[in-house]
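The values are calculated or read from the model by the stated rules, or taken from the named source; none is laboratory data. Since we're looking at a predicted model, the values are computed, not measured. When we count neighbours, we look across all protein chains shown, and the Cβ atoms used for this are built from the backbone with ideal geometry, even at glycine.
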Amino acid sequence: MTADVETAMVRVAKPADEMSPPFPKRRWKRLGSAVAILATQLAILVLFLALWEHATSGNSALGFMFGSPSAIAGFLGQMVRDGSLWRDSYVTGLETLLGFFVGNFFGTLIGLSLWYSRFVSRVVEPFIIALGSIPIIALAPIIIIWFGTGLISKVAMSTLSVVIVALVTSYKGAVGVDPDQINLLRTLGASKFQLFRKLVVPASLTDIFAGLKLTVGFALIGAIVGEFMSSSEGLGHAIFKAGSLYVIPKVFAALVVTIALALLLTFIVGKIERLLMPWQRRI
């Protein structure tokens, strides 16, 4: 019995690095898992494109309706050569970034501020739900009348697509803070502003960044819709123009660039999250 106790004490007394796998081993295991996931994703993509090419290559009707990967690649090459890919990506990317930052700034600020007063949050709740239920495309004619057909109207559309989502996710994070932690800080004499700054905001970062990743797509959709309504450049304009001429491969080519832009912005948001929230990194 004594030997068992001594053995258990020795195990407890072992350093953590001796009881857990060494760091290089964990790193290589994580790297191997990432490579396996990437290889599987690439294999699925290649298989999908091969089946798509095979189905459309021998059928002119399917080729007209759905295009083909080879035709899409051809239009992507043409867009690179004539410079429209970089020009349209820059225009849409600028509109998306501006709408993303403005919408998330005001949405997050209002959402976190509602934590200060449950009375105010309950009063404005139905108005927030009502604004969030309006289809963004229904506001496009009004936005054009208010802000014209230039850059500002596209940024406004992108902002309106983002602000409600940012508001709801940040407010959800603020009201979801552990009440025990709030009571603990209150017993230590913390003011409401100190509670907000030192506890509520840091605890809400997870929900805020989840909203940021979600609103990247919403900001891009808002910019594209704005370009559909009135624009002479941008990815939305390229998609609308190609669609009106029934050039389906060119529509898909512009969509591929749009997806790549969304993935790039989401990747940047993820990197910022890892920088500001290092405790969320996987070990």
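Against the test of being closer than 29 Å to SER231 by Cβ, among the small types (Gly, Ala, Ser) and surrounded by fewer than 20 Cβ atoms within 10 Å (Cβ to Cβ), the options GLY103, GLY150 yield a single qualifying residue, GLY150.
Among the residues making up segment 230-247, those that are crowded, with 19+ Cβ neighbours inside 10 Å and assigned to a helix (DSSP H, G or I) are LEU235, GLY236, HIS237, ALA238, ILE239, ALA242.
Restricting attention to segment 108-125, the residues being of a type in the set (S, T, N, Q) and closer than 20 Å to THR215 by Cβ number 2. Only one entry of ILE143, ILE182 meets the criterion of being among the β-branched types (Val, Ile, Thr) and within 22 Å of THR215 (Cα to Cα), and that entry is ILE143. Among residues belonging to segment 186-197 that are at pLDDT 80 or above and not in a loop (DSSP other than H, G, I, E, B), point out the one that is farthest from SER113 (Cα to Cα). Across segment 186-197, the extreme among qualifying residues is THR187.
Residue check: ALA262 meets all listed conditions (1) surrounded by 18 or more Cβ atoms within 10 Å (Cβ to Cβ); (2) touching a Leu at 6+ places or on another chain (Cβ under 6 Å) but one, namely (1). Among the residues of segment 203-250, those that are among the hydroxyl-bearing types (Ser, Thr, Tyr) and under 20 Å from the mean Cα position of the chain (by Cα) comprise SER204, THR206, THR215. Do we find a residue being crowded, with 20+ Cβ neighbours inside 10 Å and small (Gly, Ala, Ser) anywhere in segment 160-169? Scanning segment 160-169, I find at least one residue that is crowded, with 20+ Cβ neighbours inside 10 Å and small (Gly, Ala, Ser), so the answer is yes. Only one entry of PHE127, PHE209, PHE147, PHE196 meets the criterion of being in the same structural domain as SER230 (by TED's automatic domain parsing), closer than 19 Å to VAL269 by Cβ and aromatic (Phe, Trp, Tyr), and that entry is PHE209. Condition first: in a helix (DSSP H, G or I), in contact with a Leu (Cβ under 7 Å, 6 or more places away or on another chain), modelled with pLDDT under 85 and assigned by TED's automatic domain parsing to the domain that holds LEU212. Can you find one or more residues in segment 108-123 that meet it? Scanning segment 108-123 turns up at least one residue that is in a helix (DSSP H, G or I), in contact with a Leu (Cβ under 7 Å, 6 or more places away or on another chain), modelled with pLDDT under 85 and assigned by TED's automatic domain parsing to the domain that holds LEU212.
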